[in-house]
Amino acid sequence: MNKKASFFNSTSKEVLFQIVLHVVLFIFFSFDRNQPQIHEYKIVSFFNYALGAMVINYIFLPRFFYQKKYLMFFLYVGIIVAAIIAVEELVLERIYFPDTRGKHFPGVFYSLLDVMPVITILAGFKFAWDASLKQKEVEELRTSVKESELQFLKSQINPHFLFNNLNNLYSYAIEQSPKTPSIILELSSVLRYMLYDCKEDFVALGKEIEHLKNFTQLNELQIEDRGKVTFEAGNMPSGYLIAPLILNVFIENAFKHSTASQSEDIQIDIRIQLDAQGQLYFICENSFRPVTNTDKLNNGIGLKNVQKRLQLIYPDAHTLEISETDQKYSVHLRMKLKSISE
């Protein structure tokens, strides 16, 4: 129903546009300051031009020109123009001007100068109208592809996160750790947010920060007494939105690779700040041992996922810097957030 409504809406707009165009062009075509009254010949002659232009616009353009059959298009246009000139010279002028213009043919060049401006204007505006519709379709297709890609990327996050944490939960359950109920509670809280609270393209920044705190606490259970985790979020001005689950991957990678390479002295520092202009500054640093194959960090599904999402959602509104030293891996992300009023 929506497609049908859109089609009829577009068609009605084009019909209205063509009517206005023909009326305006007819006024210019028939205007003669020495003869303010519109002669019947002008009406019939313009109808002859308009009929020929309609054949070009609605038959030859879609069948030949848009199908890249240019030779056939110009051949048939030439035939139509010749037919218009023939009707005007051999029929109309002999009817309306039998004793003057109807007695002789002024020549092909003069006839083309008389016919082609009107035909060119009518066909040119039709071509421009079709081009604008095609551009609109392209933009809609791009938007649809972008939304589909974002949904696909977003759908990858939950299974990736769930796979990692179920492994952790399994190991705690095997050991019959007393922390298992706490892990289940934290995991359910985080999953609730992922499944229900962040279905929109953007969520309130305060909710996302709260989720990141819970997410960090859940992952912190893996470390126990083997190191220190710091999570700092400064005063966050209200009224800003952020794409959900953008920052999760960096925090998850920090825990994953620190715990995989170190049995003690683990250091993970997470800092989030927002300035008055809506610039979000996110820093995530983690320690690691160089013996670990950290190349996997750059090639993981999660990191590629979030880099692609940043390119799609914040194409010109973010900078991402990832650096690595002998014992530290750092992520510095700056994002220009949307305000609720935008």
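What follows is calculated from the coordinates using simple rules that are stated; it is not laboratory data. Predicted, not measured: the structure shown is a model, and the values here were computed from it. Note that we place each Cβ from the backbone using ideal geometry, even for glycine, and neighbour counts take in every protein chain shown.
Some values worked out for this structure:
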read-out: Efficiency of FRET between Phe17 and Lys134 - r from beta-carbon atoms, R0 22 angstrom, step 0.05; value: 0.90
read-out: The range 64-116 and the range 233-291: distance between their alpha carbon centers, rounded to Å; value: 74 Å
read-out: Linear extension gain, Ile184 paired with Gln311, 0.36 nm per residue minus alpha-carbon span; value: 42.3 nm
read-out: Projected area, mean over directions - the range 2-138, Cα convex hull, nm²; value: 10.0 nm²
read-out: 3J(HN,Hα) from dihedral phi, the range 121-135, Karplus parametrisation 6.51/-1.76/1.60, rounded to Hz, x for glycine, proline; value: 5, 5, 5, x, 5, 5, 4, 5, 4, 4, 5, 5, 5, 5, 5
read-out: Potential lengthening between Glu220 and Ala82 on full extension [0.36 nm per residue; Cα-Cα distance subtracted]; value: 41.4 nm
read-out: Residues Val203, Val118, sorted so that the one with the fewest Cβ neighbours within 10 Å comes first; value: Val203, Val118
read-out: Sequence-distant residues sharing a close amide H with Phe231 (under 5 Å, placed H); value: Ile270
read-out: Peptide ranges 87-99, 272-284 listed from the most packed, as the mean C-beta count within 10 angstrom indicates; value: 272-284, 87-99
read-out: Which of Ser10, Ser287 has the fewest Cβ neighbours within 10 Å, and the rest in rising order; value: Ser10, Ser287
read-out: Highest-first arrangement of 319-326, 251-258, where packing means the average Cβ count within 10 Å; value: 251-258, 319-326
